[in-house]
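Asker: Quick one: this structure, given as structure tokens, is what I'll be asking you about.
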Amino acid sequence: MKEKALRILLVEDNAGDVRLLREMFSKEKPDSFELTHLLRMSEAVVHLAKGGVDIVLLDMGLPDGHGLDTVRRAHAAAPDVPLIVLTGLDDESLASEAMKEGAQDYLIKGQIENRALPRALRHAIERHRMQTETDLIRTHQIQFKDEFLSHVSHELRSPLTAIYQFVTILLDRLAGELNLEQHEYLEIILRNVKQLRSMINDLVEVTRVQEGKLSIDPQCTSVSDAITYTVGTLQGAATGKAITLSLGLQPHLPLAYADPTRIRQILIILLDNAIKFTPANGAVTVQAHMLDEDRNVLVLEVSDSGCGISPDMTERIFERLYQVPDHDQAGRKGLGLGLYICKELVTRQGGQIRVTSSPQGSVFSFTLPVFSLARMISPLLKNEEWPSDSVALMTVEIRAPDSWLSKETREEWSRDTRSLLQRCVQPDLDVLLPKMGPAGPGELFQVVAFADEKGVAVLTKRIREQFHRLNHCNESGLTFSIAYTLLEPAPARAIASTEDLADQMAARIEGLIKSESIGRTVNHG
């Protein structure tokens with residue numbers, strides 16, 4: 001059976017180099033290679049999009065592309081086609097960067113032997129094929145493991161809850177007295193049940209990530225409160241290992257724009273890991289400060305005096321299901337999901353997470369954006385459709401008839417109301433603010449509406465009508481009200497810049513929110 005010709009795309013603008021390459025291929029077996037030559041990167045992108053190419057020979061210096069940009073464009077146009085870079089520069093660092101961008105090999109012009117090039121092509125294709133197969137196998141393995149663990153986690157929750165409840169009943173001596181040995185055994189059971197429950201919660205969280213159901217509710221959040229809560233929660237675990245647990249908070253930290261529940265979740269995972277991998281009599285510290293280079297960013301750090309992490313693992317440690325090899329901790333390993341969850345939670349709140357390590361210990365740090373009302377309203381100030389003196393602060397409040405049935409019920413209604421308001425406001429004229437104060441008897445929501453009194457009245461009517469269309473509104477007995485206050489005229493645009501205007505307007509809005517009473521026109525539902 002006749003062997004299929006290898007279809008090569010050569011992207012090269014130097015006529016001399018093209019002639020030499022053609023001569024090299026001419027010495028090969030007839031019809032074993034099919035060479036297509038193009039002069040420009042733009043032509044190559046179009047050709048690759050059509051398919052029919054087995055491998056690309058790419059010059060890194062073209063009339064319409066240079067350096068690594070050409071590699072990125074070729075790889076983006078045909079990610080499944082292996083790529084060999086041709087260049088006149090003997091630069092190892094450039095070679096390494098080209099390989100990271102997707103190249104399979106790196107050949108220097110003038111140093112290619114006649115027989116070396118065809119052999120390099122075949123090896124590149126084989127390496128690409130093996131890498132593709134390996135990646136596919138790994139993807140299938142992870143997918144199977146995810147599906148299996150997700151199914152198991154849901155099946156285990158009910159029996160595990162029953163075990164936990166009955167063990168606590170026994171430990172509380174509600175079913176009779178226990179001797180010392182029985183109490184000790186039950187404590188061991190309880191510890192293992194808690195560890196299993198933690199693993200199952202991680203699995204459920206990862207399932208939410210993969211299904212796009214991971215909820216983030218950004219608010220004006222105190223990172224100091226979150227750190228204090230976390231340290232208090234894990235102080236007992238640190239004391240049990242004779243580990244010194246301390247915190248360091250920069251004074252007068254601004255509020256973060258983040259989900260307080262998720263911040264505590266991230267800190268608990270990082271702090272629990274730090275305690276787990278720090279030997280007895282070691283030290284763990286949690287700190288928070290503003291980023292020196294950007295005062296709009298907060299940095300939270302968890303550092304330990306453990307054995308550290310090898311450099312080759314610091315890049316992979318945030319991957320799903322990846323575990324750091326550590327024989328001393330073999331009996332306490334989880335599923336390799338905690339740091340993956342941390343990365344997802346940090347990223348989805350506009351931050352970044354990283355780790356630095358040495359034999360003296362590791363430092364996990366992540367960033368969060370500082371809350372700024374001025375930055376939230378600044379894009380709207382560029383809209384020419386509103387006059388500078390027509391801005392209102394609207395307050396929407398929902399209350400339970402006597403008291404909320406449960407925390408879960410209150411949170412559900414809060415989510416539903418926020419979602420309703422988000423649908424009612426106009427993204428280019430209104431801003432639905434995050435929760436900006438402590439919880440009171442009712443749930444409060446604020447909207448900055450860039451409209452005059454007539455426009456606010458229209459928005460008020462729309463919100464009220466939408467609220468009463470909720471099927472379970474009347475059944476719940478909730479009361480609903482809307483109030484608004486028109487702000488004093490802002491400086492003319494010609495006088496104040498957008499940044500100054502946003503700062504001044506934000507200060508007036510924050511003053512209204514903080515004040516104990518606001519003059520308002522109330523529309524009861």
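The values are calculated or read from the model by the stated rules, or taken from the named source; none is laboratory data. Computed from a predicted model, the values in this text were never measured in an experiment. Every residue, glycine as well, gets a Cβ built from its backbone with ideal geometry; the counts of neighbours run over all protein chains shown.
Asker: Being more than 41 Å from the chain's Cα centre (by Cα) and assigned to a helix (DSSP H, G or I) is the filter here, so list the residues in segment 156-183 that pass it.
Answerer: Those that are more than 41 Å from the chain's Cα centre (by Cα) and assigned to a helix (DSSP H, G or I): L170, L180, E181, Q182, H183.
Asker: D272 fails exactly one of the following numbered conditions: (1) under 19 Å from V302 (Cβ atoms); (2) within 19 Å of the chain's Cα centre (by Cα); (3) of a type in the set (D, E, K, R). What is the number of that condition?
Answerer: Tallying (1) under 19 Å from V302 (Cβ atoms); (2) within 19 Å of the chain's Cα centre (by Cα); (3) of a type in the set (D, E, K, R), D272 fails exactly one: (2).
Asker: Something else about it: Quick one: what pairs do we get from segment 374-387, first residue part of a helix (DSSP H, G or I), second modelled with pLDDT of 65 or more and acidic (D, E), C-beta under 8 Å, 6+ apart or different chains?
Answerer: As it stands, the answer is A374/E499; A374/D503; S378/E499; L380/D428; L380/D430, since those pairs meet every condition given.
Asker: Which pairs have Cβ atoms under 8 Å, sit 6 or more apart or on different chains, and link a residue in segment 23-35 that is at pLDDT 75 or above to one that is β-branched (V, I, T)?
Answerer: Going by the 8 Å Cβ cut-off, the qualifying pairs are M24/I112; F25/I8; F33/I8; E34/I8; L35/I8.
Asker: Could you give me the residue pairs with C-beta distances under 9 Å whose first residue belongs to segment 229-254 and is under 15 Å from P279 (Cα atoms), whose second residue is charged (D, E, K, R) and surrounded by 15 or more Cβ atoms within 10 Å (Cβ to Cβ) wherever it lies, and which are 6+ apart or on separate chains?
Answerer: Cβ pairs passing all conditions: A237/D272; A237/K276; K241/K276; I243/D304.
Asker: While we're here: Can you pull out every residue in segment 421-459 that is more than 35 Å from the chain's Cα centre (by Cα) and touching a residue at least 60 places away in the same chain (Cβ under 8 Å)?
Answerer: Residues satisfying the conditions are D452, E453, G455, V456.
Asker: Does D202 count as surrounded by 14 or more Cβ atoms within 10 Å (Cβ to Cβ) and touching an Asp or Glu at 6+ places or on another chain (Cβ under 7 Å)?
Answerer: Answer is no for this residue.
Asker: Just to be sure before I move on: is N281 surrounded by fewer than 16 Cβ atoms within 10 Å (Cβ to Cβ) and touching a residue at least 24 places away in the same chain (Cβ under 8 Å) in the structure I sent?
Answerer: Yes: the conditions hold for N281.
Asker: Does L337 satisfy the criteria of being touching a helix residue (DSSP H, G or I) at 6+ places or on another chain (Cβ under 9 Å), modelled with pLDDT of 85 or more and not basic (K, R)?
Answerer: no
Asker: Next question, about the same structure. I need the strands (runs of 3 or more DSSP E) fully contained in segment 215-289, keeping only those with at least 1 residues that are touching a Phe, Trp or Tyr at 6+ places or on another chain (Cβ under 6 Å).
Answerer: 219-221, 256-258
Table: residues versus (1) outside any helix (DSSP H, G or I); (2) at pLDDT 75 or above.
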site	(1), (2)
G52	yes, yes
R73	no, yes
P79	yes, yes
D90	yes, no
Y106	yes, yes
Q111	yes, no
I137	no, yes
Q141	no, no
